[in-house]
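Colleague: What follows is a single structure, and I will ask about it in a moment.
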Amino acid sequence: MSPTLHENLLSFFGWVIRGSFMAFILIVLVLILQFLLRNKIEARWKYWLWLPVGIRLLLPWAPESSFSLYNVLSLEAIAPGIHQQTQVSPVWKEAGRISEAVVHVERSLNPEASGTSEVPAPSIELGPVQESSFWWSGFKQIGFTNMLMSVWLAGVLFLAARTVYDQIRLKQALRAGRNMDTPFLSAVFRETKQQLGVKRKVQFMASERIPGPAVVGFNKPAIVISPSLLITLQKDQLQYILAHEFAHIQRRDVAVNWLMHIILIIHWFNPFLWLAVHKARQDQEMACDACVLDRMSPQQNNAYGQTIIHVLEHFSGNQHQPGLAGLSATHKQMKRRLKMIKHFHKKSYRLSILGMGMILALGSVTLVNAKESDAGSVPQKASVQLEQDSKAAVNNEPDIIYPEGDIDRELYKKELEKARKKAEAAAKALTPEEKKYIEDETNRVKKLSKETGDMYVLYHKYKDLNSGLDLSYWGGIEKFSTYEDYLKRASTLEGSILKQPANLPEVYKFSKARIEGPTEGKFLDEVRAEGKKSGKPIYAKKIDWKEAATIRLEYTNGKDTLAISKYMLDSEESKKKGFFEDDLPAHIYPKYVFWHEGGFEYSISTTWDMSKEQKVEILKEAVQK
């Protein structure tokens, strides 16, 4: 091993040891805080308390501060000598200097010109002999550290290989599954996805080889449910499970789990880190529960908790693989989750401030390094100061304003940084006039959409300024709380609409309605063509859409619901024609009847038993062409 390679590896190992020690102190503090504040902060903030631990383990450098906790609890104070053993040995540095001096003597008769006055310049004949002796002395001096480093590296390679093997098996299990594309399941899947506000493309699959309901994958996520569990679920139970999985996708939990797993591989020797990851995964599930419950009515909390119990009757355990995130827990963890669900209430501003305050306080004393002592040579201090100044200059960036709610801030920051770099590269080609035009036009469209409710499509000439997309949308979703308001708007539309059927059972009353404009079609090609022809950096066009892509009417009678929907089909879905029922077991509600006609899917669903013939008649009456 060359001196340079050994220096780099030993330096990295030293960074791992020091980071693992600092994380150990931080983990203990987090566990204490969680215990003391167990009834005072929400589940999401208990989960976010682990954020400083992850940041601490990933920081390649941190500023020094007199407020740092490590001024009192330092590695050197607790285990004297460890810090020095994991630093780059001076022997290796001397060997490197001598090697440089030998090369320089071969090029010049003046040995003092090498710039390494700390080490006497050797003669050409003595160079190889002295270099060999330094290598041998180096191995003897840091033999114990080399042994520790070798064991650590072997553990890292073993766990990395095991992770690759597990991921290959997971991919095989996913390929062995099948897509859930029945009309009923697709309708419930789309409805829940929309409720959680998930915009990404997500697959819905069934597989017995993947444990429990889970999200698999990050770039191309798939929600996987066991078929044996699926046939036991009612509609509301399926929605709760899907909502939990969509919450994992919305919160980027698979990416977070991968990050935790990589940290665990690097710090595999630290038992406290294994405990921290285990606790963080538990808190992640509770935070995900809170995310779902925050979007539900308080009356649904009990049903959601019962659904978790129902899932555990079919599956019990933890999903340890980093590529998975799902609705799971051991029976021991269930007591905590059910207690949180029972006492859950909507977001509290005061409690959020408390949680954020705890994270900031924790970070302010643990994400900074201890103040270096005054001991040491002047050249060393000058070198350290120069390095810190250069790194501080690189890190001198404006503060990031994060979106409200539960988000993965690390992932958000990384994606923001990628987008920022691409945007900066694209912005270099812009003139000052173009920059001002983009800003003014975007603000104008936002204001118009908010004031008028109109739908706008924006074409972006420089799509890297729009996260890689050439189109963006404003408006186009309208919600109604009265049937009169809905009908007034629907009557202005072209094509088929939904109306209140005359043969609707009298006990059912209008609850709500929704109309959505199109985001696909030939008009998008027209916008692109017009935008390119205009030559402007950004081109906005108001879309006076005449035919809705989606319409939904809901009627309720106590707990029972009757829903009538219209949905635009793609070319593949349009192949099936006429009326047909869902093909799920008889005990699963709501029951659907579908009608494919003219590129649209019309459907009616009920949460009680109604004959197909009656549903068909109501659906025919509701569709006005």
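Computed from the coordinates by the stated procedures, all read-outs in this text should not be read as laboratory data. The shown structure was predicted, so the numbers you read here are calculated from the model rather than taken from an experiment. So basically every Cβ, Gly included, is an ideal-geometry build from the backbone, and we count neighbours across all protein chains shown.
Colleague: Let me check I've understood the local charge: for Asn443, count other residues with C-beta under 12 angstrom from its C-beta, Lys and Arg +1, Asp and Glu -1. What total comes out?
Modeller: +2
Colleague: Quick one: 3J(HN,Hα) in Hz for region 527-542, Karplus 6.51/-1.76/1.60 with θ = phi - 60°, rounded, Gly and Pro as x.
Modeller: Coupling constants for region 527-542: 4, 4, 5, 5, x, 5, 5, 5, x, 7, x, 8, 10, 10, 9, 6 Hz.
Colleague: Something else about it: Please say if region 178-342 is rounded, prolate or oblate, where rounded means a/c under 1.5 for a ≥ b ≥ c the square roots of the C-alpha gyration tensor eigenvalues, and otherwise the choice is prolate for a/b larger than b/c and oblate otherwise?
Modeller: prolate
Colleague: So between Val616 and Ser467, what do we pick up on full extension, going 0.36 nm a residue minus the alpha carbon distance?
Modeller: Extra length available between Val616 and Ser467 comes to 49.1 nm.
Colleague: Neighbouring Cβ atoms within 10 Å as the yardstick, rank Tyr240, Tyr456 fewest first. Please list the in-between numbers first.
Modeller: Working: Tyr240 27, Tyr456 20.
By the 10 Å Cβ count, ascending, the order reads Tyr456, Tyr240.
Colleague: If we count other beta carbons within 10 Å of each Cβ, what is the order of Ser150, Ser226, fewest first?
Modeller: Ser150, Ser226
Colleague: Among residues other than Lys612 whose Cβ falls under 14 Å from its Cβ, what is the net charge (Lys/Arg +1, Asp/Glu -1)?
Modeller: Result for the neighbourhood of Lys612: -3.
Colleague: On a straight-distance basis, which lysines could pair with Lys446 in a cross-link, Cα separation under 21 angstrom, same-chain partners fewer than 8 positions away excluded?
Modeller: Partners within reach: Lys199, Lys435, Lys436, Lys461, Lys463, Lys479, Lys536, Lys541, Lys542.
Colleague: Moving on. So if I place +1 on the C-beta of Lys and Arg and -1 on the C-beta of Asp and Glu, and nothing else carries charge, what would the dipole magnitude of region 178-342 be about its Cα centre? I want it in debye, nearest 20. Walk me through the intermediate numbers first.
Modeller: Details: 20 positive and 11 negative charges, 52 e Å.
Dipole magnitude for region 178-342 comes out near 240 debye.
Colleague: Okay, moving on. Below 8 Å, C-alpha to C-alpha, sequence gap of six or more: please give me the relative contact order for region 432-624 in percent.
Modeller: 21 percent
Colleague: Treat every Asp and Glu Cβ in region 434-554 as -1 and every Lys and Arg Cβ as +1, leave all other atoms uncharged, and give the resulting dipole magnitude about the Cα centre to the nearest 20 debye.
Modeller: Numbers: 24 positive and 21 negative charges, 53 e Å.
Around 260 debye, computed over region 434-554.
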